[in-house]
Each structure stands twice: as structure tokens, then as C-alpha cells.
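Let me begin by presenting the structure, written as C-alpha cells, before commenting on it.
The values are calculated or read from the model by the stated rules, or taken from the named source; none is laboratory data. Everything numeric here is computed off the predicted structure, so don't read it as measured data. As a convention, Cβ positions derive from the backbone with ideal geometry for all residues, glycine included, and neighbour counts pool all protein chains shown.
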Amino acid sequence: MARFSVILSSLFLSFAGGMAATFTLTNNCEYPVWPGMLSSAGTPALSTTGFQLQTGESRSLDAPTTWSGRFWGRTLCATDSSGRFSCATGDCGSGGVECSGGGAAPPATLAEFTLDGSGGMDFYDVSLVDGYNLPMLVVPQGGSGGSCSSTGCLVDLNGLCPSDLKVMLSTSDGGSESVACKSACEAFGSPQFCCSGDYGNPNTCKPSSYSQFFKNACPKAYSYAYDDATSTFTCASANYLITFCPSTTSQKSSDTNPEAAGIPSSSNSTMVYIGGEQASHATATVPRIAAVLLAFSFALLAMHLGL
């Protein structure tokens, strides 16, 4: 009986340490989204690197201990007559639904994770440093330690985007619509906006009026390279729910372009930050199984002792 208990304990520890987190991706947008995933160098790839989510659909992925990487949503995707798959925003250049090691072409809203990092904590953020293409919310599930706070960008910025940062796409009726919002670095390429060269440190690279536009709209998201203090979050032993278009109605066109962060605009509309956190219905898979295994072990021990 003692040998069986040791084997059971070893099995439990092996299982608990084998998978660090479950990521559940949910699409609340009124249009299909094709999530993309990119593992960091030296980190094992997840079971998939890209798939489609129709409106209301969810899919879960398990990540191993110490995994790090990023998730994003691709939009306005299609397959051409030659069979090549591509997306108007967030395209990873693979030519297929699976990104296969390709990253998101900016502009794209990114969710970034490092699991089981310093002090055993998970580090995570939502970044607009590479621009924005759709609303996104990250909510930890069942974690402990750190802040375990939700983070993201809940505002649909495509219509609100300053005119010199907008990515426009022609429509079938001969018009055009804004489908993404570039970062100032992507739009202008200057070291001042890219935090490169003489601006490659936090003492010289400061927020610009353009990065402030993103920060005003999405206070918890990264708006420029050194925006760490208000944009990096920690948690331990958590699963994560990633929701596209979490609590807003995201539309792919808008006639509004309000003044934001001192950037001139022809509209008198105002931009409002939509706060609040979305309740989650994702299951904490690993903690639940761990609890079952522990209960089973105690039951066997009680039987052995005649309790």
C-alpha cells in the first residue's frame, strides 16, 4: 500500500508539473477571428499555432511549464484562388491557417505570457506597442499570489484611430473602412517613437502624444516599449481566459475620429474608456484534477489505516 501511495504521489507531481496553464480563447466579436500563437525561442510549441473561431466559439490549449509566447487575433481572412490563406490584419505570413512559427504582422493587439518565471510567478500583459487591430481581454482563473488582475483593451479603436495611424481597407461598395491602428513607430519609423538608437532606454524614450492615445483608451495595456509600471501583471498557478471583443460591440467601420491625446481630429466626438471586468466561465482544469487526485490519495490512506 505504501508503494502504491508513493507511485500515486509521483504521478500527481508529474502531472501537476507537466502542464503549467490552460489558455481558453473565446470570440465575442460579430465576425470570425483566427487566433495565432507564437512560442518564444527555446520554448516548446503549443498543440496548434492557429485556428478559426466563429462568433461565440471557444477553444482551450494546454501550455507546458515555463512556456512563454504570445497570442493575437487575425481578422478579415480568406483563401485565394491559388489556395494561399491570408488576413488583412494580424497575418503571420505562413500562407495557411496554422502560423507555423510566424508572428503577427503589425498592427496587432498582442497578449504576451511567461509562465513560471521569476519566483514561480506568471508574467502577462496586453500590448499595443505593435499597434491595435481588435479589443482583447485577459482574465486569470484560479490563481494566487501577485495581482492576478485582468488586463486588456476593451475599446474598439479602429474608428477612433488618428487618421495618420489608420489602416484602411477598400470595401465592395467602393468605399473604405478602418481595420487597424498603427503604432507611431510603424507609421513613422523614427527612433523617438520606436525607442531605438539614442532613445533605446527608459530615460530617453518617453510617452508620445500617439502612445498616450492608446494609454488613455486602454490604461492597463502597454502603449510604448517602457510602459512596464502600469502594464505588466503577475499571478501563480492560474489558467487564463483570452476574449476577443470582450464587452463591446466591435464593428469594422466607423465615421468617428475624435481628438485624443492632443492629436488633431475633424470630429468633436469623445472617446470613453469602458471599464469593468468580464466574469469568466472557463474551468480551472489543472487545479480541479489536482484536487481529485489529492482526495483519492487521502481516501486510500484512510482505508489503509482503517479509519
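Here is how the numbers come out for the structure above:
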read-out: Count - residues of region 157-166 that are surrounded by fewer than 23 Cβ atoms within 10 Å (Cβ to Cβ) and in a loop (DSSP other than H, G, I, E, B); value: 4
read-out: Within region 191-240, tally of residues that are in a loop (DSSP other than H, G, I, E, B), small (Gly, Ala, Ser) and free of Cβ contacts under 8 Å to residues at least 40 places away in the same chain; value: 4
read-out: Count of residues meeting criterion [surrounded by fewer than 19 Cβ atoms within 10 Å (Cβ to Cβ), without any contact (Cβ under 8 Å) to a residue 60 or more places away in the chain and touching a strand residue (DSSP E or B) at 6+ places or on another chain (Cβ under 7 Å)] in region 87-107; value: 3
read-out: Condition met for Ser150 (out of contact with any Lys or Arg (no Cβ under 6 Å at 6 or more places or on another chain) and loosely packed, with under 14 Cβ neighbours inside 10 Å); value: no
read-out: Condition check for Ser144: surrounded by fewer than 21 Cβ atoms within 10 Å (Cβ to Cβ) and among the polar types (S, T, N, Q); value: yes
read-out: Selection count where residues are part of a loop (DSSP other than H, G, I, E, B), surrounded by 17 or more Cβ atoms within 10 Å (Cβ to Cβ) and not polar (S, T, N, Q), scope region 33-50; value: 1
read-out: Residue match in region 41-59 (condition: within 13 Å of Phe71 (Cβ to Cβ), of a type outside the set (S, T, N, Q) and in contact with an Asp or Glu (Cβ under 7 Å, 6 or more places away or on another chain)); value: yes
read-out: Condition check for Phe113: in a strand (DSSP E or B), surrounded by fewer than 20 Cβ atoms within 10 Å (Cβ to Cβ) and either at pLDDT 95 or above or in contact with a His (Cβ under 9 Å, 6 or more places away or on another chain) (or both); value: no
read-out: Any chance Glu98 is charged (D, E, K, R), over 18 Å from the mean Cα position of the chain (by Cα) and closer than 20 Å to Asn133 by Cβ; value: no
read-out: Count - residues of region 167-184 that are free of Cβ contacts under 8 Å to residues at least 40 places away in the same chain and either part of a helix (DSSP H, G or I) or crowded, with 19+ Cβ neighbours inside 10 Å (or both); value: 1
read-out: Test: residue in region 66-80 that is in contact with a Cys (Cβ under 6 Å, 6 or more places away or on another chain), assigned to a strand (DSSP E or B), among the charged types (D, E, K, R) and within 30 Å of Phe188 (Cβ to Cβ); value: yes
